[in-house]
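Got a structure for you, questions after.
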2 protein chains.
Amino acid sequence: MIAAWDRSPASPVDPLVHRVETLAAPPPDLVAALRGLTLRDEPVNARAELSGAPRLVAAGWGARHCILADGRRQILSFVLPGDLVAFDPHRAPLRYAATVSLTAMIVADAAPLLDLETEAAGRDAPIARVLRTLAGAEEALLAHQVTRLGRQTAYERMAHLLLELHERLCIAGVEQGDGFTLPVTQEVLADSLGLSIVHTNRTIQQLRRDGLVRMAGTRVTLVEPARLAALADYIPLARMLGRP
Amino acid sequence: MIAAWDRSPASPVDPLVHRVETLAAPPPDLVAALRGLTLRDEPVNARAELSGAPRLVAAGWGARHCILADGRRQILSFVLPGDLVAFDPHRAPLRYAATVSLTAMIVADAAPLLDLETEAAGRDAPIARVLRTLAGAEEALLAHQVTRLGRQTAYERMAHLLLELHERLCIAGVEQGDGFTLPVTQEVLADSLGLSIVHTNRTIQQLRRDGLVRMAGTRVTLVEPARLAALADYIPLARMLGRP
DNA sequence: CGACCAATTGACCTTTCTCAAATTGGGTGG
DNA sequence: CCACCCAATTTGAGAAAGGTCAATTGGTCG
């Protein structure tokens with residue numbers, strides 16, 4: 001048996017490649033090209049701001065959020081392995097919306113990826129098609145987030161978010177099976193779900209009592225994914241992006 | 001005096017050009033090129049689905065929305081004059097999120113605009129820069145929407161949305177001054193704000209009683225824009241996009 | 001052990017929802 | 001012009017969901 005630290009270290013592009021393979025049916029040579037990239041990566045502390053240059057998340061959790069004048073915070077989206085941040089260098093980042101790390105992270109310089117796109121000029125190039133799929137995934141996440149916040153109860157929201165996080169981590173190849181590691185506090189969940197901390201806690205407990213999820217430490221297990229998906233009206237990202 | 005129907009008909013690109021001029025400081029020759037476009041436009045009935053080809057909204061109101069299994073509806077964003085719909089023909093539209101007309105609309109074929117972008121190949125072409133700004137505006141709108149739904153009270157949400165609609169219509173040159181025409185029912189506002197119809201109605205009345213807005217028929221007047229903006233923590237789109 | 005942060009619990013309060021019933025405001029056919 | 005209709009707005013009353021405040025527990029780390 002091989003211990004985790006004993007394996008050859010994963011490449012920072014692995015989660016991205018896994019996402020691409022899962023969502024976009026890329027030609028093999030594009031996958032090879034992506035794997036062939038050697039990206040300069042660097043560690044980022046928790047609670048740091050991710051700003052500036054184009055980056056690819058290799059590990060760790062972050063978030064984009066807005067903060068109101070009186071301190072209320074709303075998370076717009078979680079930033080997970082395989083995600084691109086500030087990818088278009090020509091586009092100024094939104095003011096009053098920040099991208100921050102929630103845990104320690106490893107982020108890589110995404111410039112080589114950009115070059116790949118620039119060289120393969122043309123809208124129909126496989127790399128362009130793949131990047132469009134990733135943009136579509138981001139759009140789908142925002143649609144999920146708005147619908148959760150606007151039209152779902154706390155119970156539904158929580159189930160929906162857990163399903164989404166699980167699906168995203170599986171798509172990125174970071175997790176597999178029926179559970180995942182949730183490395184953030186309930187306060188962070190509350191700031192994503194638009195709930196108070198107290199109510200977030202009670203909602204989790206209700207899901208536990210109903211036998212739908214198990215949560216111990218940072219480990220989440222989706223005990224009854226099908227029932228969760230039904231009650232939360234969860235539409236998998238893969239399905240939103242058009243795969244039947 | 002000239003009746004409305006007597007004026008020379010506005011070009012379908014007018015709202016777009018006005019937005020671009022307001023938000024993106026474009027070079028004069030690009031503005032000329034945009035004005036020079038002759039777009040085939042067509043009327044769309046209220047409550048129709050806007051699907052398929054790239055379109056530019058010339059007049060009327062639409063919305064993107066998701067509908068849950070039990071009928072609950074959440075509007076993701078309003079679609080107003082000057083907005084592009086399904087602009088990237090290479091990108092499949094999200095399933096389970098539809099774009100519909102709320103009023104009668106006039107929409108134009110956006111293909112010539114796309115051609116303009118394709119011909120002027122290059123990320124730094126003025127047309128590309130302008131389209132990026134419009135994409136940034138859309139992103140800012142979604143940030144607003146998520147924050148409203150997640151962290152604001154009904155009262156704040158309503159004030160915030162009215163300010164946003166007003167700003168968008170002014171940016172598109174469709175309105176000016178301190179008011180605008182709101183051609184949708186309170187049910188539609190409710191579906192955007194994540195509220196019930198009844199509470200939407202009561203919230204509007206509260207704003208009226210407080211002397212912050214006037215609403216008669218479809219006409220909305222922002223009586224105290226500054227106080228509204230302060231209580232709703234409203235950040236103008238222009239400021240989010242980086243203009244100081 | 002003490003400090004501290006996250007999770008949890010209890011009590012009470014506010015916001016928002018639901019249901020049901022007016023009321024209003026245009027249009028429309030007679 | 002008027003009676004009628006339908007959709008939209010408005011009102012009332014009671015219930016449910018979720019928030020706030022304050023205290024307690026549990027685990028971790030120096």
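In region A:4-240, if every C-alpha pair distance is counted and binned at 5 Å from zero, what percent goes to each bin?
The distribution over region A:4-240 is 1, 6, 13, 18, 20, 17, 12, 8, 4, 1, 0, given as percents.
Evaluate peptide B:146-158: per residue, the Cβ atoms of other protein chains within 10 Å of its Cβ; return the mean as an integer. Before the final figure, lay out the partial values.
Working: counts 16, 13, 5, 9, 19, 11, 4, 0, 0, 0, 1, 1, 0.
Partner-chain Cβ atoms within 10 Å, mean over residues of B:146-158: 6.
Run the helix sum for chain A: -39,500 (n - 2.57) per DSSP H stretch of 4+ residues, divided by residue count, reported at 222 nm to the nearest 500 deg cm²/dmol. Spell out each step's value before the answer.
Details: 9 runs with 106 residues, N = 244.
Counting only the DSSP helices, I get -13500 deg cm²/dmol.
Could you compute how much accessible surface A:Ser196 exposes when probed at 1.4 Å, giving the result in Å² to the nearest 10?
Surface accessible to solvent at A:Ser196 totals approximately 60 Å².
Counting partner chain Cβ atoms within 10 Å of every residue's Cβ in A:79-92, what's the average?
That average works out to 2.
On to the next question. Defining the label point at 7 Å along Cα→Cβ, can you sort the distances from A:Arg209 to the same site in each other copy, shortest first, in nm?
Label point to label point, same position, other copies: 3.6 nm.
Here is a follow-up. In degrees from 0 to 90, rounded to the nearest 10, what is the angle of the helix B:197-209 Cα long axis to the longest principal axis of chain B?
Approximately 80 degrees, to the nearest 10.
Would you mind telling me the share, in percent, of accessible area of region A:4-240 contributed by carbon and sulfur at probe 1.4 angstrom?
53 percent
Still on this structure: If each label sits 7 angstrom from Cα along the C-beta direction, how far apart, in nm, is B:Ala33 from its counterparts in the other copies?
2.6
Given the rotation that superposes chain A on chain B, what residue of A brings its beta carbon nearest the axis, and what is the distance in Å?
Residue with the nearest Cβ, plus whole-Å distance, for chain A: A:Leu149, 2.
Using alpha carbons only, how many angstrom separate the centre of region A:89-151 from the centre of region B:140-170?
Comparing the Cα centres of region A:89-151 and region B:140-170, I get a distance of 24 Å.
The values are calculated or read from the model by the stated rules, or taken from the named source; none is laboratory data. As the structure is a prediction and not an experimental result, all values here were calculated from the model. Note that each Cβ is placed from the backbone with ideal geometry, even for glycine, and that neighbours are counted across all protein chains shown. To get the accessible areas, we keep the full protein, side chains included, count just its heavy atoms, and leave off ligands, DNA and RNA. Shrake-Rupley method; radii C 1.70, N 1.55, O 1.52, S 1.80 Å.
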